[in-house]
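Chemist: The structure under discussion is supplied below as structure tokens; questions concerning it will follow.
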Amino acid sequence: MPSTTDRNRRRDTPPPRTGSNENEVLRGFLDYLRTAIAAKIDGAPEPQVRTAVVPSGTNLLGLLNHLTFVERSMFLGDEVADWQATFQAAPADSAAEVVARYRDAVKRANEVLDGCTDLGAPVPRPRSDRPAPSLRWAHDTVGRPRPRR
């Protein structure tokens, strides 16, 4: 018989099974990963989301903060001067505020992706100082955080 703790535990949504084309498959997995990471933090107790449980010092709130910057950099063209700093949420930011900023960045990034059909084309973004990666590459890498050095 499952314990009360097991019944109250969050359940992950399973990843998408298939899509009719490569774009749908990539977008499905990207959206699955985006939803999964936000769900881990949304509603979690404040002390736990700020507690580092790995040697790098990264915590859940910092990871989501970082992924917000990744979305905004990759798909919206925002510049990031210090990637290391993105792994820390501001002490005044609540978990709800960080989750809301992430979801807003995802929404805005999806608006860009909705207009893209050629996965071999560069990510359309307003930054011209360096070449943009292909949409295929961006789809594949955005769901995975950059390693800390």
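Chemist: In segment 46-104, how many residues are touching a helix residue (DSSP H, G or I) at 6+ places or on another chain (Cβ under 6 Å), outside any loop (DSSP other than H, G, I, E, B) and polar (S, T, N, Q)?
Modeler: Residues flagged as touching a helix residue (DSSP H, G or I) at 6+ places or on another chain (Cβ under 6 Å), outside any loop (DSSP other than H, G, I, E, B) and polar (S, T, N, Q) within segment 46-104 amount to 3.
Chemist: What about Leu61, is it within 13 Å of the chain's Cα centre (by Cα), open to solvent by less than 30 Å² (accessible area, probe 1.4 Å) and either modelled with pLDDT of 90 or more or closer than 24 Å to Arg136 by Cβ (or both)?
Modeler: Yes.
Chemist: How do the pairs read when you match residues in segment 38-55 that are in contact (Cβ under 8 Å) with a residue 60 or more places away in the chain and of a type in the set (A, V, I, L, M, F, W, C) with residues anywhere that are open to solvent by 50 Å² or more (accessible area, probe 1.4 Å) and outside any loop (DSSP other than H, G, I, E, B), using Cβ under 8 Å and keeping only pairs 6 or more apart or on different chains?
Modeler: Listed by first residue and then by second, the contacts come to Ala38/Arg103.
Chemist: Return yes or no: is Ala96 touching a Gly at 6+ places or on another chain (Cβ under 9 Å), of a type in the set (A, V, I, L, M), over 21 Å from Ala138 (Cβ atoms) and touching a residue at least 40 places away in the same chain (Cβ under 8 Å)?
Modeler: yes
Chemist: Can you find a residue in segment 77-91 that is open to solvent by less than 70 Å² (accessible area, probe 1.4 Å), aliphatic (A, V, I, L, M) and at pLDDT below 90?
Modeler: Taking every residue of segment 77-91 in turn, none turns out to be open to solvent by less than 70 Å² (accessible area, probe 1.4 Å), aliphatic (A, V, I, L, M) and at pLDDT below 90.
The values are calculated or read from the model by the stated rules, or taken from the named source; none is laboratory data. Just so it is clear, the model here is predicted, and its values are computed rather than measured. Positions of Cβ are generated from backbone atoms using ideal geometry, with glycine treated the same way; all protein chains shown enter the neighbour counts. Protein only, heavy atoms only, side chains kept; ligands, DNA and RNA dropped before computing areas. Shrake-Rupley method; radii C 1.70, N 1.55, O 1.52, S 1.80 Å.
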